[in-house]
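Notes follow once the structure below has been shown.
The values are calculated or read from the model by the stated rules, or taken from the named source; none is laboratory data. These numbers come from a predicted model, not from an experiment. Every residue, glycine among them, receives a Cβ derived from its backbone with ideal geometry; neighbour counts consider all protein chains shown. With ligands, DNA and RNA removed, areas are computed over all heavy atoms of the protein, side chains included. Shrake-Rupley method; radii C 1.70, N 1.55, O 1.52, S 1.80 Å.
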Amino acid sequence: MTKTNKPFGKSSAGFTLLEVLVALVVLSVGLLGLASLQVNGLRFNHSAYLRTQATLLAEELADRMRANRPGFVAGNYDNPANLTVVAACQTPAGCTSAQMAQTDVAQWRQSLAALLPTGQGVVCLDTVPVELPAASTPAAPSCDGGTTYAIKIWWDDNRSGGANQRFIATLN
């Protein structure tokens, strides 16, 4: 019997194509991983931006409260019921400290709504300003009339339609 030798490479036909397909699958998975990292990075960056906005808005209201010391001491910033901007507070003639507190909170809430998605906030006197996340909502801010002003801000961080992030600042 004579042996017939097959030409070199004949038995490995199609092997290179298989290597290319495996390399393509590995490359695709790697690119999907990079895309996922990019999306998560953008989401976390936006979340940090919103938290920074909430911090700046809380500081703005705290500065307004410090500027209106008589209204602060009198408790006029404690969750005011009437939240309209008093026109007299925007003139040189001025307004009362209670009207200024009302105007400050009204303008602050307008800024919250404009700068944060579904942004809402309340400033009130509270005994325990830092509470469990589920204990306080925009509809029921859990203010018990203590001695410390709490500035509470809620916004929709994951764009679900509900306020799911909360920021609380305190002011003595």
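For residue 25, the solvent-accessible surface computed with a 1.4 Å probe is close to 90 Å², ligands and nucleic acids excluded. Sorting 72, 15 by accessible area puts them as 15, 72; the probe is 1.4 Å, largest comes first, and only protein heavy atoms count. Largest accessible area first, the listed residues 109, 69 line up as 69, 109 when surface is computed with a 1.4 Å probe on the assembled protein chains. Extending 7 Å from Cα along the Cβ direction at residue 60 and again at residue 87 yields two label points whose distance is 2.4 nm.
The listed residues 51, 64, 43, once ranked by accessible area (1.4 Å probe) with the largest placed first, stand as 43, 51, 64. Karplus-based coupling profile of region 58-70, in residue order and whole Hz: 5, 5, 4, 5, 4, 5, 4, 5, 5, 6, 10, 4, x, with θ = phi - 60° in 6.51 cos²θ - 1.76 cosθ + 1.60 and x standing for Gly or Pro.
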